[in-house]
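The next block holds one structure in the form of structure tokens; read it before the comments.
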Amino acid sequence: MDDVIADMVRAGQLPASDALRIRDALRERAGGAAEQDVLQAVAAEYGVPFSDLGDLQPDMALIAACPARLLLQWDVLPLRRHNGRVEVAVSGLFDTRGTDALRVTLGEPVVPVLAPSDAIRACIKTHLGVGADTIDSLESSAFLQVVEDSPRAGVDLDESAQDASIIRFVNQMLVDAIGQRATDVHLEPFEDEFRVRYRIDGVLQDVPVPPQLKRFQPAVVSRIKIVSDLDIAEKRLPQDGRIKLRLRGSDVDVRVSIIPMVHGEAVVLRLLRQDSALMGLGELDMAPQTLDHLRGLLGVPHGIILVTGPTGSGKTTTLYAALQELNDSERKIVTVEDPVEYQMNGINQIQVSEKTGLTFARGLRSILRHDPDIILVGEIRDAETAHIAVQASLTGHLVFSTLHTNDAPSALTRLVDMGVEPYLVASSLEAILAQRLVRLLCPHCRRPVTDMEREEAAAVSPVAATGPAYAAVGCSECRNTGYLGRHAIFELLPMTEEIAAMVAASRPLGEIRAAAVEQGWRPLFEDGLRLLRDGVTTLEEVLRVSRDTAATGNGATVESP
């Protein structure tokens with residue numbers, strides 16, 4: 001509590017002469033140590049209103065009448081007109097510079113409403129958008145030439161993209177995305193807007209941006225091209241690049257993809273945090289049976305262990321957790337990846353580079369001449385890589401890799417589709433681990449399910465109605481989604497003698513799946529119910545990531561090409 005009050009005194013939110021009295025008042029109420037608690041005490045002491053701005057909808061006409069730079073500089077937000085005055089949210093009652101500036105700007109008397117500074121800044125960003133102050137300054141900059149899709153002679157796109165305000169806006173967007181835990185940033189051009197969305201916890205979420213951003217779309221895209229070393233003059237073909245960022249001492253690798261669309265170029269930025277802490281297998285919180293079985297498979301001398309799932313499902317994290325258990329001085333481990341997401345001592349890592357011709361297949365072929373014991377191939381993308389991986393597993397190497405399939409059994413047909421003979425698939429594969437990431441309920445706002453909701457869940461699965469059950473609500477902590485963070489669910493399909501024989505005989509995938517269930521295979525949906533019983537996610541979320549895995553691939557046949 002004392003630290004919070006001291007910080008507020010230093011920030012000018014609270015006079016030093018009043019700090020002692022406010023602290024004693026909080027202690028008498030057994031109050032907390034947050035800024036909100038102090039502000040509530042200040043509001044009560046001086047008889048001013050307090051609001052956490054949770055469900056408040058400010059008057060947009062008032063906000064539009066105020067320069068974004070003014071609101072952001074002083075952390076003030078006009079809320080509404082009431083009794084002939086404008087109510088203004090402030091976090092410091094005694095620093096009147098912000099309210100004085102608003103009084104002059106609006107030409108009306110103002111009255112303060114105390115609110116937490118974080119809530120004010122979040123509300124400003126929600127209603128004005130990311131980088132509002134920067135776009136505001138661009139609008140008023142007479143020297144800046146906005147480049148159209150077909151620039152006229154004399155308009156320098158490179159020069160516009162290097163403008164300090166454009167650089168600042170792109171930086172603000174990236175800092176905001178990283179701070180929001182986004183894994184991807186989507187910039188999408190439409191006829192009348194330049195939409196920005198973040199993928200957070202696996203789901204795309206709209207990001208408020210100033211409507212004027214559309215005017216500066218070409219310069220923003222060009223700035224991203226410049227920092228990712230792409231051709232800013234090329235607007236007709238897709239381009240891929242990479243940016244290395246450092247934010248507060250943390251390295252972030254950004255993969256850039258730019259594709260021409262009808263109304264301009266669309267950009268997707270994949271944010272990969274280089275210093276993410278490596279997790280051990282025990283930290284992945286697998287079901288005990290799955291974890292024991294997987295650890296047993298790590299002891300095999302050769303073969304292929306595949307991890308499957310869509311992009312961003314945590315496959316690389318799982319693979320490196322496995323490699324950590326195998327990393328010792330008696331074994332040589334070599335990886336070929338694109339990109340190298342984790343750097344681990346004791347492991348030889350190769351970065352794929354398409355520009356120089358270092359592909360997965362070429363890197364894997366070279367690895368075999370380095371006398372490895374264990375090989376990690378970042379992804380099996382083509383027939384050549386698949387064949388080399390199979391041959392490596394058959395010649396005494398333990399190979400780990402990833403594949404994009406809906407579930408574990410579907411990986412069998414995927415390898416055959418790539419041209420690997422069914423008998424080679426049967427003899428080289430040791431196991432397939434499929435995984436997904438489900439969102440976790442926000443602990444700040446989740447609520448118990450009602451009896452009706454529990455009955456509806458029981459109609460889908462009797463298991464879903466047992467144990468603690470909660471529903472998503474939404475609050476400021478989780479961006480009103482009801483979810484905060486993610487957790488992996490798994491299904492492990494070992495290559496038993498019976499399943500290997502069925503694969504070699506090109507039996508339908510549906511029969512292979514049925515045989516796996518008889519042998520104890522638990523699909524993704526069942527593992528998701530484990531989290532549901534623990535009360536950390538919802539049935540809707542488990543179904544979102546695993547509903548299709550029960551039906552996809554039924555009736556397919558494993559055949560030779």
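Across every direction, the projection of the convex hull enclosing the Cα atoms of segment 186-301 has a mean area of 11.2 nm². Protein heavy-atom accessible surface, 1.4 Å probe, per residue over segment 275-427: 42 Å².
Remark: for residue pairs 225/355; 235/315; 315/355; 235/355; 244/315; 225/332, the C-alpha separation exceeds 27 Å in 235/315; 225/332. Modelled label positions at residue 349 and residue 514, each set 7 Å beyond Cα in the direction of Cβ, lie 4.6 nm from each other. Here segment 309-459 is treated with +1 on each Lys and Arg Cβ and -1 on each Asp and Glu Cβ, and its dipole about the Cα centre works out to around 300 debye. Normalised by the number of residues in segment 374-461, the average gap of Cα pairs under 8 Å and 6 or more apart makes the relative contact order 26 percent.
The values are calculated or read from the model by the stated rules, or taken from the named source; none is laboratory data. These numbers were taken from a predicted model, which means no experiment stands behind them. When we count neighbours, we look across all protein chains shown, and the Cβ atoms used for this are built from the backbone with ideal geometry, even at glycine. Surface accessibility is based on the protein's heavy atoms, side chains included, excluding ligands, DNA and RNA. Shrake-Rupley method; radii C 1.70, N 1.55, O 1.52, S 1.80 Å.
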